[in-house]
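Asks: First, the structure itself, so that you have it in front of you.
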């Protein structure tokens, strides 16, 4: 009898059930999408923040002082110590290697450019552009195109569109960018203007004829410099395998009380927790571990500020998610209350025929449960789709929904539907059947 | 326990008195209409209250979202200014900037813009174990520099004459390890010596770590070199910054004015994504609350089909009945919007306080939109059931079917 009552109720009141169901579905969809976006926003914004460039720099432990004014290095070229290029792929072997978006080695070399009489000193930087490397069984590419996304190259074909951090495929092919194994170079835009060079021209450096594949524009010191593949710079300097410093771009967690502590003074448990959190400090510590004789430090301009920006945006999304959850809960309750309020005559009839308060309540709760489950499942799928669309259109990447969210969302849907129905059911049950049947509701 | 009074029930003397009081002083036709509106609200106050509550919540949420959407962008922009200068003014080819460049930049861009001068020289260390080694010395304005470069980790800012701020790596060379940190050291520039006392250490993880910073006027009297670079933190949107760059280029034709692309593009990137997310979320939240209003109000109006039938049975014209329900809905929308607006401003202020540690300025320009939206949603929710009811004969409704 009971299942039949529920079944008939759904069959005869399709319109009302549909309205309540739609309200639940939409409410759950909004809640799901907002929770998914809010949980993922930290990671997404973190990746966007990588467009500010590297947040860590690795230098030799016994590094000498940089003497550099306006992008021109005044230090004798062979001075100081170097890192070994062969150690670099080990960066992928650190504990937080999944958080390391990319790294670029730098080797500045002072070279003479121009004819003998008008020769002038120019800094040539050797680096990776988009170098294919291998660590263990893993192949990956890294270089300035990932870590320095604001570098624009004007070459023979490209429009120099800005690539998203970590997504080299975005920028049109290799327009203007030299190959890492070639002897092609990039010339900074101000230097190119001074030398009256354009892409395709050749430039004589250290008795080599180098082809300019593109003109580099960065808005920084590189505009007065030459950028070349690392191997070429090493040959010019005469130090194979040498690297002056490495810029590392990593996804990090905003700093808190734990992050600032000195690992030497920690207890083993605290140390483990610190080591296993992607703080910029712990990643720097791990980089020092894998690269011998190195000193890794955060670039405070980038590293310190991104924490603030990240926590602000995350906090904001969290609060908005609460607002969304509140609004959806209210919408579901309102729809349920309305649906039940309309059925007082039915309740009156049932009670007149001898149904107890409990039976009536159970019937209505069973209907609400059914609605909540159906609406919850439909809403979850719709919300997942919505989150996916938001991820695609805003961040150009997936917003993944954790499967563990599904039971939670369903439970919330059932709870909110029950809560929304409870007051209305109680009032409906208490209502005198005589009034209800007389139609004086 | 029931408080619902139907047309058939007797009124208590107090209620009768209330009715009289209400009817006493207004012109007949207007007063009738007003009375119907008011009594509809008073008699079914429970349902009316829940409809009004839904309206208020929706208006409050919409207000808070719109306020935040506008304000958060400004808040985030000011957070992004912590990244430092976004415009650099550099003298062309090793010259110096005009002496009054700084004051001119400030007068053009307004007091809120921060401009910090920098001048560079390569000096030699005199005495100690690193005698004769080159080091870059920078002259700057410490007070301004401190405001511009929030990320500088400084143990102590110089506050006395001839005190210097020393980069971490420069300190390893300049300050002998054995001696106390405050021991003075000597530098020479083209033969001219200067005695400096270390005030504090500077740590940035970038080029600043290898430099020594001293006060601009001391730097200039020592080396005779005037500032060659001015770093500017220009406020506002990307268009504002572009305009500032053009203004500066016009003002200082001998200098090169260029944006710091790393900062500008990073900011644009993050801000655009955040704005889009915020927009999408705000739209979703506002739509959900509109849905909530719709669900409540449709129920409320549908529920009153008996009033509708009685009015028609008593000979009210279609227009009057529709007008009555529409006026009722509009009144609900207006009251809900006004109350909701103030609550929403409170919520936005709270979110601003919690998240940004700064109050969100209430934007009254949002109010017309909230008002129009509330009334529109209320009217739609009233019209839908009326259209459905219009097809039904009053007699059928009154018979309770």
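The values are calculated or read from the model by the stated rules, or taken from the named source; none is laboratory data. The structure presented is a predicted model; accordingly, all values stated were derived computationally and were not measured. Positions of Cβ are backbone-derived with ideal geometry, glycine not excepted, and every protein chain shown enters the neighbour counts.
Asks: Within region A:250-284, track down each residue that is under 15 Å from residue B:205 (Cβ atoms) and out of contact with any helix residue (DSSP H, G or I) (no Cβ under 6 Å at 6 or more places or on another chain).
Replies: Across region A:250-284, the qualifying residues are A:260, A:279, A:281, A:283, A:284.
Asks: In region B:235-255, what count of residues is obtained for those that are farther than 14 Å from residue B:102 by Cα and within 14 Å of chain A (Cβ to nearest Cβ)?
Replies: Qualifying residue count, region B:235-255: 4.
Listed here are the residues, each with its yes/no results for (1) more than 30 Å from residue A:220 (Cβ to Cβ); (2) part of a helix (DSSP H, G or I); (3) within 10 Å of another protein chain (Cβ to nearest Cβ).
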site: B:265; (1), (2), (3): no, yes, yes
site: B:272; (1), (2), (3): no, yes, yes
site: B:275; (1), (2), (3): no, yes, yes
site: B:285; (1), (2), (3): yes, yes, yes
site: B:288; (1), (2), (3): yes, yes, yes
site: B:346; (1), (2), (3): yes, yes, no
site: B:349; (1), (2), (3): yes, yes, no
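Asks: So, one more: Among A:348, A:441, A:420, which is modelled with pLDDT under 85, farther than 23 Å from residue A:44 by Cβ and part of a loop (DSSP other than H, G, I, E, B)?
Replies: Matching residue, one of A:348, A:441, A:420: A:441.
Asks: Among the listed residues A:398, A:389, which satisfies the condition of being without any contact (Cβ under 8 Å) to a residue 60 or more places away in the chain and in a helix (DSSP H, G or I)?
Replies: So the residue among A:398, A:389 that is without any contact (Cβ under 8 Å) to a residue 60 or more places away in the chain and in a helix (DSSP H, G or I) is A:389.
Asks: Could I ask something else about it? Identify all residues within region A:133-152 that are at pLDDT below 90 and out of contact with any helix residue (DSSP H, G or I) (no Cβ under 9 Å at 6 or more places or on another chain); write none if there are none.
Replies: A:137, A:139
Asks: For region B:48-80, what are the residues that are more than 8 Å from chain A (Cβ to nearest Cβ), surrounded by 19 or more Cβ atoms within 10 Å (Cβ to Cβ) and closer than 15 Å to residue B:337 by Cα?
Replies: The answer is B:51, B:52, B:55, B:56, B:59, B:60, B:62, B:63, B:66, B:67.
Asks: If we keep just the residues of region A:44-82 that are more than 9 Å from chain B (Cβ to nearest Cβ), assigned to a loop (DSSP other than H, G, I, E, B) and at pLDDT below 75, which is nearest to residue A:387 (Cα to Cα)?
Replies: Only one residue tops the list, namely A:71.
Asks: Answer yes or no as to whether residue A:425 is touching a helix residue (DSSP H, G or I) at 6+ places or on another chain (Cβ under 7 Å), away from chain B (no Cβ under 14 Å), touching a residue at least 40 places away in the same chain (Cβ under 8 Å) and over 22 Å from residue B:274 (Cα atoms).
Replies: So residue A:425 passes the test.
Asks: Within region B:233-242, is there a residue that is touching a strand residue (DSSP E or B) at 6+ places or on another chain (Cβ under 7 Å), assigned to a strand (DSSP E or B) and more than 30 Å from residue A:61 (Cα to Cα)?
Replies: yes
Asks: Condition test on residue A:182, is it in contact with a helix residue (DSSP H, G or I) (Cβ under 6 Å, 6 or more places away or on another chain) and either within 14 Å of chain B (Cβ to nearest Cβ) or modelled with pLDDT under 90 (or both)?
Replies: Answer is no for this residue.
Asks: Looking at the structure I just gave you, is residue A:168 at pLDDT 85 or above and farther than 15 Å from residue B:262 by Cβ? Working first, answer last.
Replies: Values: at pLDDT 85 or above: no; farther than 15 Å from residue B:262 by Cβ: yes.
Taking the combined requirement at face value, the residue does not satisfy it.
Asks: Within region A:385-404, track down each residue that is buried (at least 18 other Cβ atoms within 10 Å of the Cβ) and more than 14 Å from chain B (Cβ to nearest Cβ).
Replies: If the condition is that a residue be buried (at least 18 other Cβ atoms within 10 Å of the Cβ) and more than 14 Å from chain B (Cβ to nearest Cβ), then A:401 is the only one that fits.
Asks: Give the number of residues within region B:285-316 that are in contact with a helix residue (DSSP H, G or I) (Cβ under 6 Å, 6 or more places away or on another chain), surrounded by fewer than 20 Cβ atoms within 10 Å (Cβ to Cβ) and modelled with pLDDT of 80 or more.
Replies: 2
Asks: Could you check region A:318-336 and list, in sequence order, the residues that are touching a residue at least 12 places away in the same chain (Cβ under 8 Å) and more than 7 Å from chain B (Cβ to nearest Cβ)?
Replies: A:318, A:321, A:325, A:329, A:332, A:333, A:336 - these are the residues of region A:318-336 that are touching a residue at least 12 places away in the same chain (Cβ under 8 Å) and more than 7 Å from chain B (Cβ to nearest Cβ).
Asks: Same structure again: Which residue is farthest from residue B:251 (Cα to Cα), if the candidates are limited to region B:45-97 and must be assigned to a loop (DSSP other than H, G, I, E, B) and either in contact with a helix residue (DSSP H, G or I) (Cβ under 8 Å, 6 or more places away or on another chain) or at pLDDT 85 or above (or both)?
Replies: B:84
Asks: If a residue has to be touching a helix residue (DSSP H, G or I) at 6+ places or on another chain (Cβ under 7 Å) and over 22 Å from residue A:64 (Cα atoms) to count, how many in region B:199-221 make the cut?
Replies: Residues flagged as touching a helix residue (DSSP H, G or I) at 6+ places or on another chain (Cβ under 7 Å) and over 22 Å from residue A:64 (Cα atoms) within region B:199-221 amount to 1.
Asks: Moving on. Looking at region B:182-193, can you tell me whether even one residue there is within 14 Å of chain A (Cβ to nearest Cβ), out of contact with any helix residue (DSSP H, G or I) (no Cβ under 7 Å at 6 or more places or on another chain) and either modelled with pLDDT under 85 or not in a helix (DSSP H, G or I) (or both)?
Replies: Taking every residue of region B:182-193 in turn, at least one turns out to be within 14 Å of chain A (Cβ to nearest Cβ), out of contact with any helix residue (DSSP H, G or I) (no Cβ under 7 Å at 6 or more places or on another chain) and either modelled with pLDDT under 85 or not in a helix (DSSP H, G or I) (or both).
Asks: Sticking with this structure for a sec: Considering only region A:352-369, I want to know if a residue exists there that is within 14 Å of another protein chain (Cβ to nearest Cβ) and either surrounded by 22 or more Cβ atoms within 10 Å (Cβ to Cβ) or without any contact (Cβ under 8 Å) to a residue 60 or more places away in the chain (or both).
Replies: The answer is no, given that none of the residues of region A:352-369 is within 14 Å of another protein chain (Cβ to nearest Cβ) and either surrounded by 22 or more Cβ atoms within 10 Å (Cβ to Cβ) or without any contact (Cβ under 8 Å) to a residue 60 or more places away in the chain (or both).
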